[in-house]
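Here is the structure we will look at.
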Amino acid sequence: MLDFNLYKTLPKSPGVYLFKDEKQKVIYIGKAINLRNRVKNHFTDKNDDLRHKNLIFLVEKVDFQTVSGEFEALLLEARLIKQYKPKFNILLKDDTRYLYVGITKDKFPQIKLVRQPEKDDNLSDWFGPFPSSYGLKEVLRFVRRIFPYRSCENLPKKVCLYSHLKLCPAPCINQVESYSQTIHKIKMLLNGEIKPLISLLTKQMNLSSQKQNFEEAQGYKRQIEMIQNLLTKKPKSAEEERFVKQLEQLKNILIRYQGFDPFIIHRLEAYDISNLGKEIIVGSMVAFIGGEPDTSQYRQFHQSLRSPERSRGTKGEGSEINDPAHIKSVILRRLNHQEWVYPQIILVDGGKGQISAAFEALKEKNLAGKVGLLGLTKEFETIVIPEIKIDKITGWKKLNLSTNSPALQLLQHSRDEAHRFAQRYYRKLHRFDK
């Protein structure tokens with residue numbers, strides 16, 4: 001029987017721990033920022049879950065491996081789970097399949113999340129499993145800043161938002177000769193080959209310097225620094241600083257003009273309606289997490305023409321489509337999904353009418369004044385800000401920022417992405433409706 005006080009001998013360091021049974025077989029693997037505290041919690045917390053009790057009963061030994069930080073711990077945990085296949089990692093997950101990072105066989109490989117990589121014939125390689133889907137998405141967000149990659153399923157005919165954010169090399173319009181090298185480096189990073197990767201980048205940096213290609217050398221230096229920052233949590237990179245500035249400026253706008261302090265802005269949602277005068281109405285929601293688009297959390301809404309949101313026009317038998325009313329309907333449908341994390345900011349494409357409709361949706365869900373609300377007009381890129389007191393809009397502010405404003409750029413990107421996503425869904429439905 002394991003001495004439960006064994007945790008006192010473990011280091012207070014980041015790492016991965018392995019629970020073994022009496023036959024020294026690995027039965028569970030976990031990661032921790034503080035190994036001692038995490039393992040202690042396993043044995044001292046009053047957890048009534050029967051599977052957890054069974055796990056603790058079988059533990060006879062605890063092994064561990066320390067790493068430099070959370071990022072390496074997550075990668076190491078995934079590799080060890082793949083190696084040992086411990087039964088309790090699956091049991092404690094309620095039989096939900098873990099996520100993997102898959103890399104396709106395409107000329108310009110796509111990097112995507114998959115749950116059953118062995119059944120995907122178009123994968124050249126995959127990494128995982130990753131027990132934490134949130135942790136994995138955070139890993140890919142950081143990886144993408146270092147090595148921009150393609151994530152779209154089908155190459156579009158024009159560059160996407162990720163390209164504008166310098167998070168994709170845009171192989172859809174460019175012949176990216178170095179893309180295969182990028183994929184190779186991403187594989188090294190996901191496989192935990194950190195030192196060899198930094199060594200490779202250092203050699204490439206020195207070679208570029210010798211050839212007096214200083215811009216290229218600076219690029220390699222930046223990648224090395226970002227990897228080191230990621231491992232040791234040193235000061236943020238230039239890209240991270242840009243996202244921080246965007247969100248901080250948005251926060252200040254909300255505090256100053258709306259009297260709303262979100263404390264921290266993690267999630268921004270942008271909405272758009274598309275109808276183009278046809279008998280199809282669709283709505284879109286896009287989510288930006290930490291200043292970056294998260295396409296896995298995008299949502300589409302097919303609006304009914306027979307709904308009460310349709311306003312009667314005066315043009316014969318026809319009727320005009322009431323975009324504000326459909327904005328309200330879409331946001332209400334979204335807010336009905338309480339399992340989706342609520343945003344700190346909602347952005348709508350338009351002015352007072354659209355904002356008022358969005359506000360009514362928030363009010364119906366008792367969220368008025370608890371979520372920041374902004375509009376962005378296309379004509380002059382004016383930020384329209386409602387002044388909110390309790391459950392009423394008492395006034396309006398209009399803000400025109402410089403085109404170099406970090407906050408305006410983020411709002412434009414999210415607005416344009418919501419519009420693109422709505423248009424794509426509209427075209428898809430319109431094809432089938434013909």
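The values are calculated or read from the model by the stated rules, or taken from the named source; none is laboratory data. In this text the structure is predicted, and so the values were computed from the model without any measurement. Note that each Cβ is placed from the backbone with ideal geometry, even for glycine, and that neighbours are counted across all protein chains shown.
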Residue in region 343-366 that is surrounded by the most Cβ atoms within 10 Å (Cβ to Cβ), counting only those that are of a type outside the set (S, T, N, Q) and over 20 Å from Ile385 (Cβ atoms): Lys365
Residues of region 143-164 satisfying the condition of being hydrophobic (A, V, I, L, M, F, W, C) and either under 17 Å from Ile103 (Cβ atoms) or touching a Pro at 6+ places or on another chain (Cβ under 8 Å) (or both): Val143, Ile146, Phe147, Cys152, Leu155, Leu161
Neighbours by Cβ (under 8 Å, 6+ apart or cross-chain): first from region 184-202, within 19 Å of Lys221 (Cβ to Cβ) and acidic (Asp, Glu); second in a helix (DSSP H, G or I) and modelled with pLDDT of 95 or more: none
Scope region 405-432; condition at pLDDT below 90 and either over 18 Å from Tyr271 (Cβ atoms) or among the small types (Gly, Ala, Ser) (or both); matching residues: Ala422, Arg427, Lys428, His430, Arg431, Phe432
Lys251 being free of Cβ contacts under 8 Å to residues at least 40 places away in the same chain, farther than 15 Å from Ile146 by Cα, surrounded by fewer than 18 Cβ atoms within 10 Å (Cβ to Cβ) and not β-branched (Val, Ile, Thr): no
Unique match (being modelled with pLDDT of 90 or more, of a type in the set (S, T, N, Q) and under 20 Å from the mean Cα position of the chain (by Cα)) among Ser296, Ser329, Ser284: Ser284
Residue ID - farthest from Lys40 (Cα to Cα), chosen from residues in region 64-99 that are acidic (Asp, Glu) and at pLDDT 85 or above: Glu72
Single residue of region 33-83 satisfying the filter (surrounded by 13 or more Cβ atoms within 10 Å (Cβ to Cβ) and of a type in the set (Val, Ile, Thr)) that is nearest to the chain's Cα centre (by Cα): Ile33
